[in-house]
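A quick write-up on the structure given underneath.
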Amino acid sequence: MVGSLTQQLDRPNPATYLGKGKVDELRDRIAADGVTLVLFDDELSPSQGKNIEDATGCRVMDRAEVRLATFDATDNRVYTDTIDPELTSEPHHGYGC
């Protein structure tokens, strides 16, 4: 992991989860550090994830998507059929939010 960002809001922004200034900061840090993946330690709506990807030009995964991509919920074995080959084919340098 390259770094992390946190933000205190009364409630998440319905469009991007983060405030506009934090989205701008995230975009700048992604560009500066060569980040290829951003992880959120919370659940995003589909539109929030897409809006952040559009604003930053970087792949975004929330907590639920990471869980679904790596574990079979019935027995916690790695479930490789659902892992995006793009995520496993190269190392990722990312930010956690």
Legend entry - In segment 2-52, the residues that are assigned to a helix (DSSP H, G or I) and of a type in the set (G, A, S): G21, A31, A32, S47, G49
Inset, instruction - Output the qualifying pairs, or none if there are none: Cβ atoms under 6 angstrom, residues six or more apart or on different chains, first residue in segment 33-58 and touching a residue at least 40 places away in the same chain (Cβ under 8 Å) and of a type in the set (S, T, Y), second residue surrounded by 20 or more Cβ atoms within 10 Å (Cβ to Cβ) and part of a loop (DSSP other than H, G, I, E, B). - result: none
Inset, instruction - Among the candidates D62, D81, D72, D54, single out the residue that is loosely packed, with under 14 Cβ neighbours inside 10 Å and at pLDDT 60 or above. - result: D54
Inset, instruction - Among the residues of segment 31-45, write down those that are over 22 Å from A64 (Cα atoms) and either surrounded by fewer than 13 Cβ atoms within 10 Å (Cβ to Cβ) or not charged (D, E, K, R) (or both). - result: A31, A32, G34
Legend entry - Any hit, segment 39-47, residues being at pLDDT 55 or above and in contact with a Ser or Thr (Cβ under 8 Å, 6 or more places away or on another chain): no
Inset, instruction - Under 6 Å between Cβ atoms, at least 6 apart or on separate chains: pull out the pairs that start in segment 1-16 with a residue that is under 21 Å from A32 (Cα atoms) and among the polar types (S, T, N, Q) and end on any residue that is assigned to a loop (DSSP other than H, G, I, E, B) and modelled with pLDDT of 90 or more. - result: Q7/L18
Inset, instruction - Kindly indicate whether T16 is surrounded by 14 or more Cβ atoms within 10 Å (Cβ to Cβ), closer than 19 Å to A64 by Cβ and either of a type in the set (S, T, N, Q) or at pLDDT below 90 (or both). - result: yes
Inset, instruction - Go through segment 43-66 and give me each residue that's over 16 Å from P12 (Cβ atoms) and charged (D, E, K, R). - result: E53, D54, R59, E65
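The values are calculated or read from the model by the stated rules, or taken from the named source; none is laboratory data. Only a predicted model underlies this, so the values are computations on that prediction, with no experimental measurement involved. Virtual Cβ from ideal backbone geometry, glycine too; neighbours counted across all protein chains shown.
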